[in-house]
Amino acid sequence: MINSKDNIEQKKPETGCVAKDEIESYKRLASIGKVSVDIINELYSPIDTINRFINLALHTVGEDSQSRQFLLESKEGIRKTSVLLKRLDSYAKEIEKEISEIIAKNGQSPSSHSN
Amino acid sequence: MDKARVLIVTDDKLSQKSLYEMLCRSGYEADIAVSVKEALRHLEEKLWHVILADIDGPDIGDLSSLNIVKEKSYPSEVVVLSSKEDIDSLPLNKRISAFEYLSKPVEDEKIISAIERALADKSLNTGKPSFISRLIHKDETYHGLVGKSAIMRDIYALIDRIAPSRATVLLRGESGTGKRMIARAIHKADKKRKEKPFIEISCGALPREIIESELFGHTKGAFTGAINDRKGRFELSHSGTMLLDDIDSFSLDLQVKLLRVLQEKEFERVGDHKTMKVDVRVIVSTNQDLEKAVSEKKFREDLYYRLNVISITIPPLRKRKEDLPFLVDHFIGLFSKENHKKIKGISEDALDVLMAYNWPGNIRELENIIERAVILDVDGTLHKDDLPEMLRESATVITSDDARGKIKDIASLKDALKDPEKVYILKVLEETGWNKKRAAKKLGVNRTTLYNKLKKYNLISDSEK
């Protein structure tokens, strides 16, 4: 992901004006960014639910049981996934915003490729 | 007490089931509406205190219809769960006037906390007379609390709002600020509980094994010395209020048990398998930084969220000195009666001394000083001479030259304050024959604070050596 952002930075000319074919590429990238944000948001719901079910399951197992350990490890896994998604989310939003700005500067509508 | 009712609105089956189970387990009456349309039908049929709307599903319907809750003044609040981080990113038909937006993934404790705050907030509209109207008369107190400063009036207003709810309350404040009095005021302000027991337990002063038995009770033979069945404080405070003082001193395993009582309202006596149900409003207090304890893993995060539904920070006396004359009047009245004396009041110069003092021991220290002055007084008015020498000296202006002469090799303010504190504690301990309860009272601190200070200064009596 970081490499693709660097590519955008390199391609962006100082004046903010870019060639037509590049604009089309940016539009496609903006569209991918938007889809990524939507998918990430869709993932939050099952993560939220799984976490809640793990909490419920933790109430039903003994304090020293092996199942408890497995559940706590699952919970930690879910937490890490959630942190990664949040990072990806903010990165995708940043890219989407940046590309939309470039497209807008060139007098184009950023939504033409969006779903 | 009736259970608070929460209506879950979501078209996602997994979300429905997980939220329903979690809320029922946390002591709420819950039901599910699969669309906004169905939720509105539920609202027509029955009172729902909180509507918990998970708005991510595509088939939930036009959420703006839920604005009817505000428009028609339903006695309900809406709490929204969404994958989107902010309201602005929501489509227009999903933007509603909500008590709180929570973005997913969200911890159960945060949902409970939002629900409890919503419940507490609704109790605002109960049509009760304003607390300010009860303070118009000069001698009136607010459920035993003395003071009319803005900061205290804010606290009274908050108590008025939270008293009818069953929300857990976290009281923070320095030692001697009156956390116990605030807890009692919350109990007295709660119409449903005020006639029921108010039980308090000082967690810091008791060893772990005793606290467990004190809180949950025990059965005969549960441990050496358990010669009879004994009810715990939770059982004794059923239908009433329980104050857990110095909650920070709770061990981690006891924190798990407390969390269970708060969430599921059930527990077992020590040595017994029978589960007991209890309805208690729990108030906890601390003079420590609980957030720090959480970050250091000394205090459970889930318990912290559960306790921190409503937090009240009680100001130190030095920050509400305008209340000092009222407090002085109050204590003069109290101790005159107790000591069968007729004290008219306090002289201006004596009051000046009290106003100039910094009150590290807060109201408890003031209480002890007025009690002493009332006992010593001979002419019916408290004078400067009736106050302890330490107070009179602290009110004396020290010139910078004097100060320079006294302070030579002290590295910091903290170090400068250590020696006088140690010497004074030692003096009081010797006066009280090392009776820690009496010494703590005289010093205007609680016993836990005194024990901590004894440890800090390595103070032990001859008999303990």
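The values are calculated or read from the model by the stated rules, or taken from the named source; none is laboratory data. On a predicted model such as this, the values are computed, not experimentally measured, just so you know. Heads up, the Cβs are rebuilt from the backbone with ideal geometry, glycines too, and the neighbour counts pull from every protein chain shown.
Considering region A:61-88, the residues that are within 10 Å of another protein chain (Cβ to nearest Cβ) and closer than 24 Å to B:Ser26 by Cα include one that is surrounded by the fewest Cβ atoms within 10 Å (Cβ to Cβ), namely A:Glu63. Condition (residue is over 23 Å from B:Ala183 (Cβ atoms), small (Gly, Ala, Ser) and touching a strand residue (DSSP E or B) at 6+ places or on another chain (Cβ under 9 Å)) applied to region B:307-322: is it met by at least one residue? No, region B:307-322 has no match at all. Scan region B:218-231 and tell me whether some residue there is in a helix (DSSP H, G or I) and at pLDDT below 90. No: zero hits. Checked against (1) at pLDDT 90 or above; (2) within 17 Å of B:Gly444 (Cβ to Cβ); (3) surrounded by fewer than 21 Cβ atoms within 10 Å (Cβ to Cβ), B:Leu354 meets all criteria but (3).
Of B:Ala183, B:Ala189, all but one fail to be closer than 16 Å to B:Asn446 by Cβ, crowded, with 19+ Cβ neighbours inside 10 Å, in the same structural domain as B:Arg281 (by TED's automatic domain parsing) and among the aliphatic types (A, V, I, L, M); the exception is B:Ala183.
Count of region B:236-246 residues, restricted to those that are within 25 Å of B:Thr448 (Cα to Cα) and free of Cβ contacts under 8 Å to residues at least 60 places away in the same chain, is 5. Evaluating B:Ile310 against the criteria (1) modelled with pLDDT of 90 or more; (2) buried (at least 18 other Cβ atoms within 10 Å of the Cβ); (3) closer than 23 Å to B:Phe198 by Cα leaves one unmet condition, (1).
Taken as a whole, the condition of being under 24 Å from B:Gly27 (Cα atoms) and surrounded by fewer than 16 Cβ atoms within 10 Å (Cβ to Cβ) does not apply to B:Glu209. Summed over region B:88-108, the residues that are within 14 Å of chain A (Cβ to nearest Cβ) and either modelled with pLDDT under 80 or closer than 21 Å to B:Lys37 by Cα (or both) give a count of 6. The residues of region B:208-249 that are among the aliphatic types (A, V, I, L, M) and within 25 Å of B:Ser165 (Cβ to Cβ), listed by number, are B:Leu215, B:Leu236, B:Met242, B:Leu243, B:Leu244, B:Ile247.
Listed conditions (1) within 18 Å of B:Asp108 (Cα to Cα); (2) modelled with pLDDT of 90 or more are all met by A:Thr60, apart from (2). Applying the set (1) more than 24 Å from B:Gln263 (Cα to Cα); (2) over 19 Å from the mean Cα position of the chain (by Cα) to A:Leu88 leaves exactly one unmet item: (2). In region B:147-173, of all residues being assigned to a loop (DSSP other than H, G, I, E, B) and over 24 Å from B:Leu317 (Cβ atoms), the one that is modelled with the highest pLDDT corresponds to B:Thr168. Taking the conditions exactly as written (outside any helix (DSSP H, G or I) and more than 19 Å from B:Met390 (Cβ to Cβ)), does B:Ile312 satisfy them or not? For B:Ile312, the condition - outside any helix (DSSP H, G or I) and more than 19 Å from B:Met390 (Cβ to Cβ) - is met.
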